[in-house]
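Chemist: This is the structure, below, for whatever I ask next.
The values are calculated or read from the model by the stated rules, or taken from the named source; none is laboratory data. Owing to the predicted nature of the structure, the values given are computational and were not obtained by experimental measurement. Heads up, the Cβs are rebuilt from the backbone with ideal geometry, glycines too, and the neighbour counts pull from every protein chain shown. To get the accessible areas, we keep the full protein, side chains included, count just its heavy atoms, and leave off ligands, DNA and RNA. Shrake-Rupley method; radii C 1.70, N 1.55, O 1.52, S 1.80 Å.
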Amino acid sequence: MKIAIVTDSTAYLTPDQIKDLPIRIVTTPVILDDVTYNEGEDITPEEFYKKMAASKDFPHTSQPRLGDVLTAHKELLAEGYDTVINIY
């Protein structure tokens, strides 16, 4: 059995922490003033806090996109993994 893990960006695992491990990270959408950002890709924590301080609304998140999760699973299947543990 070959096992991998898929989690989202709220796990805050760095590339160094998961290097050489069968872990995939999918982004969590962060919505701020009706604009959606991909956490860790489109907006840094510093930018997020700066925008949040100036925001009229409290930010919120959504679950990872299903397409991103499916892509991660397909990549792992192609790499020979037969079991995936999802941690969100």
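Chemist: Output the residues belonging to the range 54-65 that are surrounded by fewer than 14 Cβ atoms within 10 Å (Cβ to Cβ) and of a type in the set (S, T, N, Q).
Modeler: S55, S62, Q63
Chemist: Looking at E47, E41, can you tell me which residue is within 11 Å of the chain's Cα centre (by Cα) and not in a strand (DSSP E or B)? Show your work before the answer.
Modeler: Working: E47 fails: within 11 Å of the chain's Cα centre (by Cα).
Going through E47, E41 in turn, the sole match is E41.
Chemist: Another one. Residues of the range 44-53 being open to solvent by less than 70 Å² (accessible area, probe 1.4 Å) and modelled with pLDDT of 90 or more, which ones?
Modeler: At the first step, the residues of the range 44-53 found to be open to solvent by less than 70 Å² (accessible area, probe 1.4 Å) are 44, 48, 52.
Hits for the range 44-53 are F48, M52.
Chemist: How about the range 50-79: which of its residues are in a helix (DSSP H, G or I) and farther than 14 Å from R24 by Cβ? If you could, list the steps in order and put the result at the bottom.
Modeler: Step one: filter the range 50-79 for residues in a helix (DSSP H, G or I), giving 50-54, 66-78.
Answer for the range 50-79, where residues must be in a helix (DSSP H, G or I) and farther than 14 Å from R24 by Cβ: K50, K51, M52, A53, A54, L66.
Chemist: Out of all the residues in the range 4-13, which are open to solvent by less than 40 Å² (accessible area, probe 1.4 Å), under 15 Å from L76 (Cα atoms) and out of contact with any helix residue (DSSP H, G or I) (no Cβ under 6 Å at 6 or more places or on another chain)? Walk me through it before giving the result.
Modeler: Just the residues of the range 4-13 that are open to solvent by less than 40 Å² (accessible area, probe 1.4 Å), to begin with: 4, 6-9.
Remaining after also requiring under 15 Å from L76 (Cα atoms): 4, 6-7.
Hit for the range 4-13 is T7, nothing else.
Chemist: Take the range 14-42 and flag every residue that is surrounded by 15 or more Cβ atoms within 10 Å (Cβ to Cβ) and hydrophobic (A, V, I, L, M, F, W, C).
Modeler: Across the range 14-42, the qualifying residues are I18, I23, I25, V26, V30, L32.
Chemist: Another one. So if I check each of P64, P15, which one is touching a Phe, Trp or Tyr at 6+ places or on another chain (Cβ under 8 Å) and on the phi < 0 side of the Ramachandran plot? Don't jump to the end; show me each part of the working.
Modeler: On the way: P15 fails: touching a Phe, Trp or Tyr at 6+ places or on another chain (Cβ under 8 Å).
On inspection, the qualifying residue turns out to be P64.
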